[in-house]
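As structure tokens, the structure follows; a few thoughts come after it.
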Amino acid sequence: MREIVFDTETTGRSPDAGDRLVELGCIELVDLSPTGRTFHRYCNPEREVPAEVVRIHGLTTSFLSDKPLFSSPDVVDEFITFVGDAQLIAHNAEFDRRFLNAELVRCGREIMPQERFIDTLVLARKKFPGQSNSLDALCKRFNVSLSSRNLHGALIDSALLAEVYLELKGGRERLLEFNDAPPEPNEEIALARLRPAARQRPQPLALIPDPLEEAAHARYLEGFAVMPLWRRL
């Protein structure tokens, strides 16, 4: 099962008010486990970034001024290729979905329907009703380290969310269930290649005992109180 955990940073709260996407980060999961494949882009929003927003994510108008537009092929085309038909996982997904679709509409691209998105905020509220379910709160609840994050960042937050999502789906025990499944035939071949070859003896074992071995065995049998059945036969 392939899923994409993603996050966005923006110039404000509302695409309807002209706010734009400035950063997009994605992490690929297969069977709830990160594969190491990521997608990350900064985008020129073609407008000023308010100071109060810069305090959240640190992305200034000056920093973003030489970044590509979302509509450029190395952003929108590569993003669409990267996500493919995978399910999209986000925290407060409606916020990210609205900004993402607003940018796709500007490019004349097909929007992404609501059913493609899984909202971890909704999952968390069902699991922990009445409690704080921000990403920070969930990280602390699940002992996910926040040491790598000083400011909000799309790729950093996606990595944190991937760990939180795993916990919301059942935690490490759920991941072990996937790992305990019998390997596919091609996996058996791969595992066989990793196993060391059996070591050969320098000289093969003799198939027939020599006279000294036979005499030692006879003396051993004489110590039995009852003669072994095979000797009586």
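What does the charge add up to near Arg47, with Lys and Arg as +1, Asp and Glu as -1, over the other residues with Cβ less than 10 Å from its Cβ? Neighbour charge sum, excluding Arg47 itself: -2. Charged side chains reduced to their Cβ positions (Lys and Arg at +1, Asp and Glu at -1) give segment 2-188 a dipole of some 720 debye around its Cα centre. Positive contributions from Lys and Arg (+1) and negative ones from Asp and Glu (-1), summed over other residues with Cβ under 15 Å from the Cβ of Thr10, come out at -3. Counting neighbouring Cβ atoms within 10 Å and putting the fewest first, the residues Tyr42, Tyr165 line up as Tyr42, Tyr165. Were the residues from Thr81 through Arg141 laid out at 0.36 nm apart, the gain over their Cα-Cα distance would be 18.2 nm.
Every number in this text was worked out from the coordinates using simple rules, so none of it is lab data. None of the values given here were measured: they were computed from a predicted structure. Every residue, glycine as well, gets a Cβ built from its backbone with ideal geometry; the counts of neighbours run over all protein chains shown.
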